[in-house]
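Asker: I'd like to ask some things about the structure below.
The values are calculated or read from the model by the stated rules, or taken from the named source; none is laboratory data. Every value quoted in this text rests on a predicted model; they were computed, and no experiment measured them. Positions of Cβ are generated from backbone atoms using ideal geometry, with glycine treated the same way; all protein chains shown enter the neighbour counts. To get the accessible areas, we keep the full protein, side chains included, count just its heavy atoms, and leave off ligands, DNA and RNA. Shrake-Rupley method; radii C 1.70, N 1.55, O 1.52, S 1.80 Å.
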Amino acid sequence: MSDYQQLHHISDEIGPIYVLEDNECRILSFGDNDEQSKILKAQPHIPQHTYIQAMLAVLLFSQPKSAIILGLGGGGLIHALRRYDAAIKLTAVELRSPVIDIAKRFFQLPIGKKLNLVHQDGTAFLAEGNHKRVDIIFADMYIEQGVDEKQLTVEFIAHCHQSLKTDGFLVLNCWKEHSKSELLKQTLSMHFANVYATLTGGGNWVVYASKQPHSFGSAVNKQHVQQLSKQLDYPVGRALTRFIQWE
């Protein structure tokens, strides 16, 4: 991180928050050698982290009209989803108020009527249930030390299921070691009809869980992958080289 200049620094009750940049990129960081978010300043819609590229591959299987994003960060998912379809109704839930302010100020967050920003713990937001069901939930709740363990609990998975429409999808961003978790796999299989996953080059285990039986055949359909790659402006297929059914 020594190649980046510090643009902004603030602390809240959880810890420090930094905004770093070089000529091309801007980074949101919660500590030393930590990258929570990274955008290209000239093209913020192109995801720079492989886990976001992998999470967006769910668009091969669903054409959403609405989505919930748990964990705003620098808004990388929002930028890409806006590129894909500006009409999607998005609700982004973020635990830390300064992160919301920073995303607006430093990360070109595309504010508009179709984006609802909520300052709240993501697990509490789902548990309260004061929202309409959506087509996709993107669960990306991270702290400096890694995955927020709340998003791996039985209660959280159940609340995600309840918050999705009949044909909805949960996309869960985890670490590589979670691919060995029988409890997480069994919990997902208990609530969802099909569970697939991919291991990214960055060491993330990204899970796709569908409420309805789904073949996930679009993952190997070259035409579909090429079409989505054109829409999102990056090669989607490279996030799916280790795409498997998790069973």
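Asker: So how tilted is helix 154-163 from the main axis of the chain? Cα-based, degrees 0 to 90, rounded to 10.
Answerer: Compared with the principal axis, the helix lies near 80 degrees.
Asker: If each of ALA86 and ARG105 carries a label point 7 Å out from its Cα toward its Cβ, how far apart are those two points in nm?
Answerer: Rounded to a tenth, the inter-label distance reads 2.8 nm.
Asker: Per-residue counts of other Cβ atoms within 10 Å, averaged by peptide: what ranking do you get for 15-28, 56-69, highest first?
Answerer: Result, highest mean first: 56-69, 15-28.
Asker: May I ask for log10 I(q)/I(0) of region 93-181 at q = 0.15 Å⁻¹, from a Debye sum over the Cα atoms as equal point scatterers with solvent left out?
Answerer: Taking Cα atoms of region 93-181 as identical point scatterers yields -0.65.
Asker: Looking only at Cα atoms, what is the convex hull volume of region 21-132 per residue, in Å³?
Answerer: Roughly 112 Å³ of hull volume per residue.
Asker: So for each of 110-117, 194-201 I average, over its residues, the number of other beta carbons within 10 Å; can you give me the resulting order with the highest mean first?
Answerer: With the highest mean Cβ count within 10 Å placed first, the list reads 194-201, 110-117.
Asker: Could you look at the chain and say what percent of its accessible area is carbon and sulfur, using a 1.4 Å probe and all protein chains?
Answerer: Ligands and nucleic acids excluded, carbon and sulfur give 47 percent.
Asker: Averaging over every viewing direction, what projected area does the convex hull of the Cα atoms of region 137-179 cover, in nm²?
Answerer: The orientation-averaged projected area of the Cα hull of region 137-179 comes to 3.2 nm².
Asker: Something else about it: Against the longest alpha carbon principal axis of the chain, how many degrees, from 0 to 90 and to the nearest 10, is the axis of helix 182-191 turned?
Answerer: In the chain, helix 182-191 runs at an angle near 70 degrees to the longest axis.
Asker: Give the angle, between 0 and 90 degrees and rounded to the nearest 10, that separates the Cα long axis of helix 222-232 from the longest principal axis of the Cα atoms of the chain.
Answerer: Orientation of helix 222-232: about 30 degrees from the principal axis.
Asker: For the cross-link pairs LYS104/LYS176; LYS114/LYS185; LYS185/LYS211; LYS114/LYS150; LYS150/LYS176, which exceed 23 Å when the distance is taken from alpha carbon to alpha carbon?
Answerer: As for pairs spanning more than 23 Å Cα to Cα, those are LYS104/LYS176; LYS114/LYS185; LYS114/LYS150.
Asker: How large is the Rg to Rh ratio of region 168-247 when both quantities use alpha carbon positions and Rh follows Kirkwood?
Answerer: 0.98
Asker: Something else now. Mark the label point 7 Å from the Cα of SER181 along Cα→Cβ and return the residues of region 91-105 whose backbone N is within less than 19 Å of it.
Answerer: 95
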